[in-house]
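The values are calculated or read from the model by the stated rules, or taken from the named source; none is laboratory data. Treat the numbers as computed from the prediction; the structure is a model and nothing was measured. Reconstructed Cβ throughout: ideal geometry from the backbone, glycine too, with neighbour counts over all protein chains shown.
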Amino acid sequence: MNRGLQILLQKNAKMIRPLIKPIITTPVRNSGTWVYRSSGHQLLPKKHHMAAELVGAVMWYWILIHLWHEPEHILGDFPYPDPSKWTNAELGIPDE
């Protein structure tokens, strides 16, 4: 603190002191229960964790069953052509 501020504080301590606030270098943390480094699943109730696992299992069951029984959704509706039946003209190979 400089000398002029010290003199002011001594003479008018009642008038100036309420205006001076300490410098806070660490902010107040009002973050609640949020966790940065871990997944935070331990903060959930057990029934919510089990419900999430059940919904995920049903989703994967639905996807895999439909891929097994209806692969046309991914592979297409047309049969894959047999390349051994293609002619040279279709492949662009000139006649010898």
Fill in: Residue in region 72-96 that is modelled with the highest pLDDT, counting only those that are within 39 Å of the chain's Cα centre (by Cα) and surrounded by 10 or more Cβ atoms within 10 Å (Cβ to Cβ)
His73
Response to the item:
Reported set for region 30-61 where residues are surrounded by fewer than 11 Cβ atoms within 10 Å (Cβ to Cβ) and at pLDDT below 70 is Asn30, Ser31, Gly32, Thr33, Trp34, Tyr36, Arg37, Ser38, Ser39, His41, Gln42
